[in-house]
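Asker: One structure coming up, written as structure tokens, with questions to follow.
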Amino acid sequence: MMWKFNEDFSFVKQGIQFILLSLMLLIVIGLGSDKFYWIFGKNNYVTLHLMIEMLITVVTMSISIQTWLITPYILSNRVLYAGSLFLTISLLEMIHALSYKGMPFFITESTPYASTWFYMFCRLLLSIGFLIIFFIKEKEIRSIYRWFIYSLPFVIITGCFVVIYAPTPILPSLMIEGEGPTVLKNTLQYTAVALQMVIMVLLLKNFKKAPKIIFLLLCSSIYLIMSDFLYTMYQDVSDIKNFIGHMFELGSSYLLFRAIYFSSIEKPFQQLVDTQEHLEKSREKMHHMAYHNEITNLPNERFLMESLKKDLYISKSRKAIIAIGIERIAAIKASLGSTYADQMISLIAQRLKNILPEKYLLCLLREDYFVVYIDEVSDTHQLTQLSQKLQLVMEESFQVQHFSLNSQLNIGIALFPTDSYREEELIRFAFYAMHEAQKTPTRIRFYESSISNEMTERLLLETDLHDALENQELFLEYQPQLDLHTGQIKSVEALVRWQHPKKGWISPGVFIPIAEESGLIIPIGQWVLETACKQVKSWEAVGLPPIKVAVNLSLGQLFQQNLVEIIHDVLEKTQLEPKYLQLEITESMTINIDHMTTVLHKLKALGITIAVDDFGTGYSSLSYLKDFPIDCLKIDRSFVQKIQSNSTDKALVDMIFSMAKHLKLKVVAEGIEEIEQLLYLIESKCDTVQGFLFSKPVPPHILQENYQSLHNDAKSILDSITTSEV
């Protein structure tokens with residue numbers, strides 16, 4: 001870009017110079033050629049003419065030599081023909097100067113006859129040659145043709161000598177002493193002007209292809225045409241018009257030389273310089289890319305490691321690594337795609353930068369984990385306060401295109417030299433603490449040695465979970481749900497289980513968070529949905545009454561672009577009526593009410609029912625209750641288990657029942673383990689209950705085999721409550 005600016009500026013500068021020189025020479029003519037007649041002295045005109053012709057010869061010969069030197073590298077027929085043309089022009093100019101009137105004896109006595117014809121041949125050959133070269137199709141030719149093409153000028157010169165120096169004059173005279181040019185000379189001169197104008201039109205049509213070169217060629221053509229007109233007006237060699245005509249001709253040759261020099265030497269050299277600058281910038285850019293994250297422009301892991309290697313051991317003062325994990329980012333990436341996740345990461349990075357002091361090093365590792373390096377820590381309280389500030393700025397929603405997304409930060413802290421002296425371990429320990437932080441209420445945790453064992457186990461489980469689905473290690477259990485109005489088991493909840501081949505039964509509370517974090521929850525969730533629907537149809541086939549199955553949806557599934565189509569296909573594939581499928585969401589999933597409302601309405605349109613699981617444990621606004629097409633609320637077991645002992649929990653449960661009644665929603669209570677809890681729920685007009693009081697989650701064949709006995713047991717429990725009340 002810089003070179004382009006300089007080139008444009010040179011256009012202006014050269015254009016001004018061109019205009020000023022032209023005006024100056026034309027003013028001399030305008031003031032009256034008679035006043036300048038013999039101005040240089042009668043005997044000095046021959047010398048001045050010789051000097052100008054020598055300069056023109058040098059310039060045109062330079063063009064020819066320059067072209068000859070570059071042709072081994074640019075084997076273009078046009079370039080070779082141009083070089084040959086200028087060699088011819090330079091030789092004709094030289095002979096024109098030697099045969100000029102007043103010069104010493106050259107073959108014959110010097111006369112205007114020979115000199116003028118040599119000039120006219122030169123002038124016509126220049127325009128005709130340019131036109132021929134312009135219309136020749138450019139192609140690459142063999143190097144051996146250089147010698148052949150450059151020998152053509154000597155053939156042309158020989159022909160001119162034969163014609164002009166024939167014993168008997170063949171050509172008429174072009175100059176009459178004391179009178180000036182003849183009609184024939186003027187005709188030939190105007191013919192050259194016409195040809196040159198044609199060349200100018202052709203140049204203008206191609207101006208955008210090579211602006212500077214064509215600008216120089218146009219200026220050269222204008223000077224040449226001005227010299228042509230002056231050569232038709234002078235009376236003899238002492239006329240100032242003749243001298244100025246030669247000056248314009250010299251200027252034209254110089255501009256031609258500048259055009260050729262620019263195209264063959266200056267422009268390629270400048271392109272080489274530009275290429276080198278581009279390469280240097282590319283190296284700088286590549287270096288920057290190697291040490292910075294492309295999304296946020298923050299330093300990356302390589303930058304962090306090199307910084308730690310240089311700075312960590314300078315002093316033994318306490319230093320800290322803060323690892324920051326973005327909750328739900330994996331689910332957003334899996335459901336909405338990388339574009340949304342990247343935009344959210346970029347927004348989070350900006351908020352973090354606004355909070356952190358400039359002296360702290362903020363880096364982005366592994367695409368969605370931030371790390372802060374603090375080279376001087378006074379006490380751990382300082383780190384806790386900083387972590388709380390970082391979490392605080394995350395409370396406001398992130399607007400990512402048409403989604404309003406929320407997230408939290410899990411923060412882990414490792415200290416140097418307390419936790420480790422090695423930079424790799426320090427970072428790893430901070431990440432271990434970060435993963436464990438999500439289990440704490442504050443979501444902030446300092447590293448402890450016990451965490452390493454837990455994290456190693458977690459990573460091994462994540463690796464095994466990738467193969468669990470394919471190896472059929474996952475299975476479903478179903479917990480019956482009792483309809484308190486009829487005393488019948490009309491629905492069940494499908495719960496996924498994992499039987500590890502070596503470690504045995506793995507708690508869902510352990511592997512479900514791993515699945516959500518790794519993105520495996522989407523294929524697992526789809527498998528659960530399809531398996532549960534098949535099982536309901538299987539029960540129906542063996543004679544069990546119709547049973548509704550409740551299936552939990554993960555956050556990742558809810559943000560799948562084709563979730564509705566997937567569920568519709570599952571229902572079609574399993575031939576299950578939509579009314580026998582209930583999808584359960586949690587309050588924490590309401591990170592984007594607009595998106596959720598749209599998706600849930602589409603799901604509702606399929607004919608399925610929708611429930612809010614673990615109601616009352618979330619932190620979102622209850623405004624979604626009026627927007628979402630919800631059928632029922634599920635009271636979390638943590639409330640149910642304390643309704644007899646905790647007045648606050650009892651008040652919350654009462655509030656849920658009241659809210660459900662006014663919103664015309666059904667209520668399902670989980671975790672019923674005691675008769676007293678059941679009695680309270682019956683009095684509160686709860687619709688459905690589930691818990692160990694009636695049945696723990698069981699494999700499908702157990703539920704099938706004990707279906708009637710489960711009903712009998714439930715009836716006994718309900719009858720005992722009725723009897724005790726009486």
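Asker: Once phi is turned into θ = phi - 60°, what whole-Hz ³J(HN,Hα) does the Karplus curve with 6.51, -1.76 and 1.60 give for every residue of segment 195-211, x standing for Gly and Pro?
Answerer: Per residue, the Karplus-derived 3J(HN,Hα) values read 4, 5, 5, 4, 4, 4, 4, 5, 5, 4, 5, 10, 4, 5, 5, 8, x Hz.
Asker: Can you list the residues, at least 5 places off or on another chain, whose amide H is less than 5 Å from the amide H of residue 548, using H built in the peptide plane?
Answerer: 491, 492
Asker: Further, regarding this structure: How much length is gained on full extension from residue 261 to residue 575, taking 0.36 nm per residue of separation minus their Cα-Cα distance?
Answerer: Here the answer is 104.8 nm.
Asker: If you compute Kirkwood radius over Cα pairs in Å for the structure shown, which of (i) 26.8; (ii) 33.0; (iii) 34.8 do you land on?
Answerer: Recomputing Kirkwood radius over Cα pairs in Å here gives the entry labelled (iii).
Asker: Let me ask you something else. Only bridges whose two residues both fall in the chain count here: according to DSSP, what percent of them are antiparallel, nearest 5?
Answerer: 65 percent
Asker: Net charge near residue 354, counting Lys/Arg +1 and Asp/Glu -1 over other residues with Cβ under 13 Å of its Cβ?
Answerer: Surrounding charge for residue 354 is +1.
Asker: Using 1/(1 + (r/R0)^6) with R0 = 41 angstrom and r between the beta carbons of residue 631 and residue 366, what's the FRET efficiency to the nearest 0.05?
Answerer: 0.50
Asker: What is the Cα centroid distance between segment 345-378 and segment 658-678, reported in whole angstrom?
Answerer: With segment 345-378 and segment 658-678 each reduced to a Cα centre, they are spaced 46 Å.
Asker: When the helix-only estimate is applied to the chain (DSSP H runs of n ≥ 4, each -39,500 (n - 2.57), divided by the residue count), what is the mean residue ellipticity at 222 nm, nearest 500 deg cm²/dmol?
Answerer: Value at 222 nm, helices only, nearest 500: -19000 deg cm²/dmol.
Asker: Counting only C-alpha contacts under 8 Å and six or more residues apart, can you give the relative contact order of segment 301-447 as a whole percent?
Answerer: That works out to 31 percent.
Asker: Within the set of other residues whose C-beta is less than 13 Å from the C-beta of residue 55, count the net charge using Lys and Arg as +1 and Asp and Glu as -1.
Answerer: With Lys, Arg at +1 and Asp, Glu at -1, the net is -3.
Asker: Further, regarding this structure: Any idea what the dipole of segment 49-275 comes to, in debye rounded to 20, about its Cα centre with Lys/Arg Cβ at +1 and Asp/Glu Cβ at -1?
Answerer: Roughly 960 debye, rounded to the nearest 20.
Asker: Same structure, new question: If you average the sequence gap of Cα pairs under 8 Å that are 6 or more apart and divide by the length of the chain, what percent do you get for the contact order?
Answerer: Result for the chain is 8 percent.
Asker: Taking amide H atoms as placed 1.01 Å from N in the peptide plane, list the residues 5 or more away in sequence, or in a different chain, whose amide H sits under 5 Å from that of residue 175.
Answerer: Amide H neighbours of residue 175: 182.
Asker: Strictly over 27 Å apart at the Cα level, which of 604/650; 309/353; 579/664 would you flag in this model?
Answerer: Among 604/650; 309/353; 579/664, the Cα-Cα distance tops 27 Å for 604/650.
Asker: So which of 548/685; 285/310; 537/696; 503/696; 389/626; 626/715 end up more than 28 Å apart, counting from Cα to Cα?
Answerer: With Cα atoms farther than 28 Å apart: 389/626; 626/715.
Asker: Okay, next question. Apply the Karplus curve 6.51 cos²θ - 1.76 cosθ + 1.60, θ = phi - 60°, to the phi angles in segment 79-88 and return the couplings in whole Hz, x for Gly and Pro.
Answerer: So the Karplus estimates, Gly and Pro as x, are 5, 5, 5, 5, x, 5, 4, 6, 5, 4 Hz.
Asker: Another question, then. What spacing in nm lies between the two simple spin-label points modelled at residue 606 and residue 151, each 7 Å away from Cα in the Cβ direction?
Answerer: Placing both labels 7 Å beyond Cα along the Cβ direction yields 8.8 nm.
Asker: Given 643, 81, 174, which one lies farthest toward the positive end of the charge dipole of the chain, if we put +1 on the Cβ of every Lys and Arg and -1 on the Cβ of every Asp and Glu?
Answerer: So the residue furthest toward the plus end is 174.
Asker: In nm, to one decimal, how far is the modelled label at residue 450 from the one at residue 315, with both set 7 Å along Cα→Cβ?
Answerer: 3.4 nm
Asker: Also: What number, in percent, do you get for the relative contact order of segment 416-459 if the mean sequence gap of Cα pairs under 8 Å and at least 6 apart is divided by its residue count?
Answerer: That works out to 33 percent.
Asker: Among the aspartates and glutamates, which fall within straight-line cross-link reach of residue 319, defined as a Cα-Cα distance under 17 Å, with same-chain neighbours fewer than 8 residues apart omitted?
Answerer: Of all the aspartates and glutamates, those that pass the test against residue 319 - Cα under 17 Å, at least 8 places apart if same chain - are 306, 311, 358, 375, 376, 379, 419, 423, 424, 425, 448.
Asker: Of 135, 531, 506, which is farthest towards the positive pole of the chain's charge dipole, taken about the Cα centre with +1 and -1 on the beta-carbons of Lys, Arg and Asp, Glu respectively?
Answerer: Positive-end residue among those listed: 135.
Asker: Also, quick follow-up: Which FRET efficiency value, to the nearest 0.05, is calculated for residue 75 and residue 173 with the Förster distance at 45 angstrom and r the Cβ-Cβ distance?
Answerer: For residue 75 and residue 173, the calculated efficiency is 0.55.
Asker: Only four residue types carry charge here, +1 at the Cβ of Lys and Arg and -1 at the Cβ of Asp and Glu. Report the dipole size of the chain about the Cα centre in Debye, rounded to the nearest 20.
Answerer: It comes to approximately 2920 debye.
Each value in this text was obtained by applying a stated rule to the coordinates, not by laboratory testing. Keep in mind that what you see is a predicted model, and the values were worked out from it rather than measured. As a convention, Cβ positions derive from the backbone with ideal geometry for all residues, glycine included, and neighbour counts pool all protein chains shown.
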